[in-house]
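To keep things clear, I will list the structure first and then write my remarks on it.
The values are calculated or read from the model by the stated rules, or taken from the named source; none is laboratory data. Remember, it's a predicted structure, so these values are computed and weren't measured experimentally. Positions of Cβ are generated from backbone atoms using ideal geometry, with glycine treated the same way; all protein chains shown enter the neighbour counts.
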Amino acid sequence: MGIRERLSGNEAVAYAMKQINPDVMGAYPITPSTEIPQYFSSYVDNGEVDTEFIPVESEHSAMSTCIGAEAAGCRAISATSSCGLIYMAEMLYVAASDRLPITLAVSCRALSGPININNDHSDAMSVRDAGWLMLFAETNQEAYDNYLQAMRIGEAVGLPIMICQDGFITSHAIENIELVETEKVREFVGEYKPEGGLLKAPMAVGAYATPAFYMEAKRQQAQAMMDAKEVIKKVGAEFGAMTGRTYGLIEKYEMDDAEEAIVIIGSSAGTAKEAIKELRAQGRKVGMIKVRSFRPFPSEEIVEALKGVKAFAVMDKDDSFNGHCGPMYAEVAASLYAAGVSGPKGISYIYGLGGRDVRVESIQHVFADLKEIAETGNIGETYRYLDVRE
């Protein structure tokens, strides 16, 4: 039986960190993730963990600290948001290419400019190709659960992993949550036993790769990302056996007979579920696919889920500014094309930028558009903004 609590998403993540008791935390504060190292530093100060807490002068240095620690054979963690994540960008690529399974908590927030401290996914999506595993949470419970699974996933394939939640929406809102007993957490996560490490044997870190070797290193990195799909499902199933909360790459909601569906990520999935409940009560066959794992991208699972629908919309809380779609829509469309599936008609919706409210009525407006597409076969404009003043 788990422990009943009421925690914000940030505190839940910090508590998960405490339960795991990592070796090193490199930290620099930035809204809305500041509470995570703040809570965790109190655990360090109180002697509740054995972690070496290293406050640094920038997010770039925070990730550099994690890289050094992880290369030495330690479990290293950090937390950041928005421009802080972008300031880390150079070192994010280093961490991934050096195959260092660092765990990074990200409370997602809009990027400047104009300056905005509210939620969207422009920070996380801007580094989506840095080579990190990326899990997204809908609720505080999922943010906590994802963090408990993260280290096992990253360490199994030798890749760093981001645990993303929505800034302020889940990071600061307090919800009922069920915590796992600490002894069970320690047993589930296990001990970190890296094969190498600077403190165990001499090795080069950040070595220069000539054209004769660079592509082979990247091919191995790509294979690790592909291998992570099965690891995420395996760890999620084991977590479910322990807690009753099983996780995969996606979550399907009312998709068994859905004729119209949306693909969405993060906390807005909760709003979408309420909209779908109301439309189902009216006799509409609508459903939702919530993406939990953005990296690796669940191509096969999404293709299978969308095969039976007539029309779908991919909801991006970010824009690629490519002139035709959001980042997740591009992934979904590529997945369908590669699988040879041409039946469902899709549109891309950009929504919620800079914290713009996403209401039940907003999601129902999307389903109204999908109904028209399903009935007429006319897609119209595929690149749309939701709830924006034209």
In region 1-48, what residues are within 23 Å of the chain's Cα centre (by Cα), among the basic types (Lys, Arg) and surrounded by fewer than 18 Cβ atoms within 10 Å (Cβ to Cβ)? Arg6
Residue check for Leu159: buried (at least 18 other Cβ atoms within 10 Å of the Cβ) and either modelled with pLDDT under 95 or closer than 24 Å to Ala224 by Cα (or both): yes
Can you pull out every residue in region 4-29 that is polar (S, T, N, Q), in a helix (DSSP H, G or I) and under 17 Å from Cys164 (Cβ atoms)? Asn10
Evaluate the following for Asn140: is it among the polar types (S, T, N, Q), at pLDDT 95 or above and closer than 14 Å to Thr103 by Cβ? no
In region 71-94, which residues are without any contact (Cβ under 8 Å) to a residue 60 or more places away in the chain and not hydrophobic (A, V, I, L, M, F, W, C)? Ser78, Thr80, Gly84, Tyr87, Glu90, Tyr93
Over region 16-54, the set of residues farther than 22 Å from Ile177 by Cα and of a type in the set (Phe, Trp, Tyr) is Tyr28, Phe53
Of all residues in region 206-245, how many are assigned to a helix (DSSP H, G or I), without any contact (Cβ under 8 Å) to a residue 40 or more places away in the chain and under 30 Å from Glu187 (Cβ atoms)? 7
Exactly one of (1) in contact with a strand residue (DSSP E or B) (Cβ under 6 Å, 6 or more places away or on another chain); (2) surrounded by 20 or more Cβ atoms within 10 Å (Cβ to Cβ); (3) over 27 Å from Tyr247 (Cα atoms) is unmet by Ala374. Its number? (2)
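Condition check ((1) within 27 Å of Ala330 (Cα to Cα); (2) aliphatic (A, V, I, L, M)) across all residues:
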residue	(1), (2)
Gln165	yes, no
Ser171	no, no
Lys184	no, no
Asp227	yes, no
Gly240	no, no
Asp256	yes, no
Ile264	yes, yes
Per the filter on region 119-129, residues buried (at least 20 other Cβ atoms within 10 Å of the Cβ) and part of a loop (DSSP other than H, G, I, E, B) are Asn119, Asp120, His121, Val127
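To keep it simple, each residue is scored yes or no on (1) of a type in the set (A, V, I, L, M, F, W, C); (2) outside the structural domain of Met151 (by TED's automatic domain parsing); (3) surrounded by fewer than 15 Cβ atoms within 10 Å (Cβ to Cβ).
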position: Leu198; (1), (2), (3): yes, no, no
position: Gln221; (1), (2), (3): no, no, no
position: Lys229; (1), (2), (3): no, no, no
position: Glu259; (1), (2), (3): no, yes, no
Does Ile265 satisfy the criteria of being among the hydrophobic types (A, V, I, L, M, F, W, C), surrounded by 17 or more Cβ atoms within 10 Å (Cβ to Cβ) and assigned by TED's automatic domain parsing to the domain that holds Met288? yes
Residues of region 130-189 being among the aromatic types (Phe, Trp, Tyr), out of contact with any Gly (no Cβ under 8 Å at 6 or more places or on another chain) and outside any helix (DSSP H, G or I), which ones? Trp132
Residue in region 295-327 that is farthest from Met226 (Cα to Cα), counting only those that are assigned to a helix (DSSP H, G or I) and out of contact with any Lys or Arg (no Cβ under 8 Å at 6 or more places or on another chain): Leu306
Consider only pairs whose beta carbons are under 9 Å apart and that are at least six residues apart or on different chains; among these, list those whose first residue lies in region 309-337 and is within 11 Å of Arg384 (Cα to Cα) and whose second residue is of a type in the set (D, E, K, R) and surrounded by fewer than 23 Cβ atoms within 10 Å (Cβ to Cβ). Ala313/Asp369; Ala313/Arg384; Val314/Glu331; Cys325/Asp319; Gly326/Asp319
Is there a residue being surrounded by 24 or more Cβ atoms within 10 Å (Cβ to Cβ) and among the hydrophobic types (A, V, I, L, M, F, W, C) anywhere in region 49-60? no
